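Structure, as structure tokens:
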Amino acid sequence: MQVKIYKDNQSLSEAAANEIIDLVKKKPNAVVCMASGDTPRLTCKLFVEKTKKEMVDLAHMTFIGLDEWVGIPPENDGSCHYFFQNEIFKPLHLSLSQIHLFDAKAVNLEEECKKMDKITFEKGGIDLMIVGIGMNGHIGFNEPGVSFENYAHVIDLDETTVTVGQKYFKIPATLQKGITLGLKHLQESKKVLLLANGTKKAGMVKKTIEGEITNAFPASIMQMHPRGFVMIDEEAAGLLENKN
Ligand code: F6R
């Protein structure tokens, strides 16, 4: 794992957006997996702008969504689906065949997990995974206590995730379970970027980088990834012992 500290969220997001652009230029059929949420919002915006400006051809790339709230339909503005539609798919006119998101309304969620695992394997694995970190150390919906060996799975959401998660919804939502790629997918991804910005994430970032590697704090798995990059701004780096 490497830690990269940026002046602010703008420069951090520019660097993350460039990672996607550079990858797709080098490998047009790249597989990119991303989290939704507040953290990658600016990265998505800059990615869209740069793709248009540099006329990057995305026609052969594959986009995989990291997770979804079980029971929340895609048209709900708090869903991960809705986020990606608006932030990436619509502005860049990605075709449906390139996009793979969890159907959180599927009758058989186990099958839905198998489907996402299969897509990931068939595409040759994830080239670039971009994740955020929750206020309990979760990655995707890999909640505290989750196995590092899981592929896609359905999970009971942690209390913190349920409480914090309301920030995405205009009308309060019933959040109980999540459906998510697992930490085995993260370990097998060729490169992983964990992004965090702002003082509110400083404690989580410190535990991710300087804490014990434990499934009680899932983001600590980043320490084990040979091509894992924790990309943070100065505010999120505020509590680190070692900033070099
Ligand atoms: C969302 C996801 C979550 C978020 C995390 C941080 O798709 O995977 O793990 O990345 O909860 O959320 P924000 O970025 O809103 O602070």
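Every number in this text was worked out from the coordinates using simple rules, so none of it is lab data. Values in this document were obtained by computation on a predicted structure and should not be read as measured data. Cβ atoms come from the backbone with ideal geometry, glycine included; neighbour counts cover every protein chain shown.
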Identify the single condition in (1) more than 30 Å from Gln166 (Cβ to Cβ); (2) touching a Pro at 6+ places or on another chain (Cβ under 8 Å) that Asn29 does not satisfy, given that it satisfies every other one.
-> (2)
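For segment 1-40, enumerate the residues that are outside any helix (DSSP H, G or I), among the small types (Gly, Ala, Ser) and within 16 Å of the ligand (Cβ to nearest atom).
Ala35, Ser36, Gly37
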Filter result (away from the ligand (no atom under 12 Å from the Cβ) and either farther than 17 Å from Lys105 by Cβ or acidic (Asp, Glu) (or both)) within segment 172-181 | Pro172
Of these, Ala236, Ala216, which one is of a type in the set (A, V, I, L, M) and buried (at least 20 other Cβ atoms within 10 Å of the Cβ)?
-> Ala236
Only residues in segment 53-66 that are in a loop (DSSP other than H, G, I, E, B) count as the first member; pair them with residues that are within 16 Å of the ligand (Cβ to nearest atom), Cβ under 6 angstrom, at least 6 apart or cross-chain, and list the lot.
-> Leu66/Cys33; Leu66/Ala35; Leu66/Gly140; Leu66/Leu181
Residue ranges of strands (runs of 3 or more DSSP E) in segment 124-222 with at least 3 members aliphatic (A, V, I, L, M) = 128-131, 191-196
What number of residues in segment 137-171 are touching a helix residue (DSSP H, G or I) at 6+ places or on another chain (Cβ under 6 Å) and within 9 Å of the ligand (Cβ to nearest atom)?
-> 3
Checking Glu188, Glu143 in turn, the sole residue that is touching an Asp or Glu at 6+ places or on another chain (Cβ under 8 Å) and in contact (Cβ under 8 Å) with a residue 60 or more places away in the chain turns out to be Glu143
Please determine, by comparing only the residues of segment 41-82 that are within 11 Å of the ligand (Cβ to nearest atom) and farther than 21 Å from Asp103 by Cα, which one is farthest from the chain's Cα centre (by Cα).
-> Leu42
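With Ile99, Ile119 as the choices, which residue is surrounded by fewer than 15 Cβ atoms within 10 Å (Cβ to Cβ) and touching a strand residue (DSSP E or B) at 6+ places or on another chain (Cβ under 8 Å)?
Ile119
When you scan segment 191-201, how many residues do you find that are away from the ligand (no atom under 11 Å from the Cβ) and surrounded by 16 or more Cβ atoms within 10 Å (Cβ to Cβ)? Outline the logic, then answer.
Here is the first cut: in segment 191-201, the ones away from the ligand (no atom under 11 Å from the Cβ) are 191-193, 199.
Now restrict to residues that are surrounded by 16 or more Cβ atoms within 10 Å (Cβ to Cβ): 191-193.
The total comes to 3.
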